[in-house]
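**Student:** Below: one structure in structure tokens.
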Amino acid sequence: MHVLIFGGTQFVGRHMAEEGERRGHQLTLAHRGKTNPDLFPQAEHVTLDRLESVDVLRGRTFDAILDVSAYVPRAVRLAREALAEGFGRYLFISTISVYDLAAMGAITHPDESAPLLKPEDPTVETINAETYGGLKVLCERELADLGDRLTIIRPGIVVGRYDHTNRFHHWTREILTRDAVAVPPRLDQPSQWIDGEDLARLTWDLLENATPGAFNACGPGTPETLGSMLNGIAAATDRNPTWIPAEAEELPKMRFLLPEDGSADAMFRVSNAKAISAGLRFRPFAETVADVAAEIRAELPQTSN
């Protein structure tokens, strides 16, 4: 297949491009040319800012579009206008943050039919913790008319190689470099994540099989807690740190932490049954940790004997 990837050189997009090349697909990567522009020399690179103009793609045709980098609906709208009907399938990377926790009621393990957020102002383009999920809902709406030509993947927290968000890397770095690690008081909170490699394999499986619909791309294969995640990192790195309880506000934000009252626990208990049925499989956790630990060790000051 000839696949246009919006993104493709940073973290999730990089995993997507690697997997696409591994499977022998022809790739065109559309990006701003600011992050790792020298990656994938065998692919075609199109430099653009998708919020300014994508006219360079006007009239082009592709078997599929893999959209990793749309965070506001205008980005999707501009791409649709430029490409018109010049593509077969559209696969959009969304997020589990599209789900409306307040409207879930007693749903403990929400699947793809759970209620979505209802953004009040469709003109907002400021991206932050409060707007992120709603903006992704609006992006999904921009594509709804594609029907069976549309696939939506809603990942949870993505971890693994190339991650610039410093979420999973934060905990691995702490465990690698400290004998005492500050942890939140609620280590029994639920925790979900997906390795970028697993996400990429699922994505290309769905593209190659022309599978429509929405899929929650969350792992691991069995329910986990934050505590078991941290213990797993320690075991995989042959470390045995002491956990020092700290108040949540004393810890870095956005590090897998959920409110202490449990009000958002459903967000890390999302059902992945549909994605597993479609082929989602999980790498051994120790392999994910090894990849991240290798990146971190490469960044640490080297000591000589």
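The values are calculated or read from the model by the stated rules, or taken from the named source; none is laboratory data. All figures in this text were calculated on a predicted structure; none of them were measured in a lab. Neighbour counts are summed over all protein chains in view; Cβ atoms, including those assigned to glycine, are modelled from backbone coordinates with ideal geometry. Just the protein is used for accessible areas: all its heavy atoms, side chains included, with ligands, DNA and RNA removed. Shrake-Rupley method; radii C 1.70, N 1.55, O 1.52, S 1.80 Å.
**Student:** Could you give the spread of the C-alpha atoms of the chain along their three principal axes, from largest to smallest, in whole angstroms?
**Tutor:** Answer, in whole Å and largest first: 59, 55, 36 Å.
**Student:** Please give me, ordered by residue number, the GluC sites (Glu not before Pro) of region 223-305 that lie in loop per DSSP and have at most 14 other Cβ atoms within 10 Å.
**Tutor:** For GluC sites (Glu not before Pro) across region 223-305 that sit outside H, G, I, E and B with at most 14 neighbouring Cβ atoms in 10 Å, the list reads Glu247, Glu260.
**Student:** If you don't mind, another one. So what's region 65-211 giving for Rg/Rh, alpha carbon basis, Kirkwood Rh from the mean inverse pair distance?
**Tutor:** Answer for region 65-211: 1.01.
**Student:** With a ≥ b ≥ c taken as the square roots of the eigenvalues of the C-alpha gyration tensor of region 1-72, please select rounded if a/c is under 1.5 and otherwise prolate if a/b is larger than b/c or oblate if it is not?
**Tutor:** It is oblate, given that a/c is not under 1.5 and a/b is not larger than b/c.
**Student:** Continuing with the same structure: How large is log10 of I(q)/I(0) for region 233-296 at q = 0.14, 0.21, 0.25 Å⁻¹ when the intensity is taken from the Debye formula with one equal scatterer per alpha-carbon?
**Tutor:** So the normalised log intensities work out to -0.72, -1.14, -1.10.
**Student:** Return the calculated 222 nm mean residue ellipticity for the chain, to the nearest 500 deg cm²/dmol, obtained by summing -39500 (n - 2.57) across DSSP H runs with n ≥ 4 and dividing by the residue count.
**Tutor:** Mean residue ellipticity, 222 nm, calculated: -9000 deg cm²/dmol.
**Student:** Another one. Compute the long axis of helix 226-236 from its Cα atoms, compare it with the longest principal axis of the Cα atoms of the chain, and write down the angle in degrees, 0 to 90, nearest 10.
**Tutor:** 80
**Student:** Probe 1.4 Å, all protein chains in place: accessible area of Arg141 in Å², nearest 10?
**Tutor:** 130
**Student:** Another question, then. Using a 1.4 angstrom probe on the protein heavy atoms only, could you order Arg269, Arg149 from most to least accessible area?
**Tutor:** The residues order as Arg269, Arg149, largest area first.
**Student:** For the Cα atoms of the chain, what angle does the longest principal axis make with the long axis of helix 132-143, in degrees from 0 to 90, nearest 10?
**Tutor:** 30
**Student:** Turning to a different aspect of this structure: Treating the angle as unsigned and between 0 and 90°, give the value, to the nearest 10°, between the Cα long axis of helix 73-83 and the longest Cα principal axis of the chain.
**Tutor:** Roughly 40 degrees between the two axes.
**Student:** How large is the accessible surface of Ile93 in square angstrom, using a 1.4 angstrom probe and rounding to the nearest 10?
**Tutor:** 10
**Student:** Considering the dipole of region 46-196 built from charges on the beta carbon (Lys and Arg +1, Asp and Glu -1) around the Cα centre, which of Ile152, Thr61, Gly196 is farthest to its positive end?
**Tutor:** It is Gly196, whose Cα lies furthest towards the positive end.
**Student:** Another question about this same structure. Once neighbouring chains are kept in place and the probe is 1.4 Å, which whole percent of the accessible area of the chain is contributed by carbon and sulfur?
**Tutor:** So the carbon and sulfur contribution to the accessible surface is 49 percent.
**Student:** Averaging the inverse of every distinct alpha carbon separation and then flipping it gives the Kirkwood radius. What is it for region 169-305, in angstrom units?
**Tutor:** This gives a value of 16.5 Å.
**Student:** Sticking with this structure for a sec: What does the C-alpha gyration tensor say about the overall shape of region 128-211? Classify as rounded when a/c is under 1.5, otherwise prolate if a/b is larger than b/c, or oblate.
**Tutor:** Prolate, since a/c reaches 1.5 and a/b exceeds b/c.
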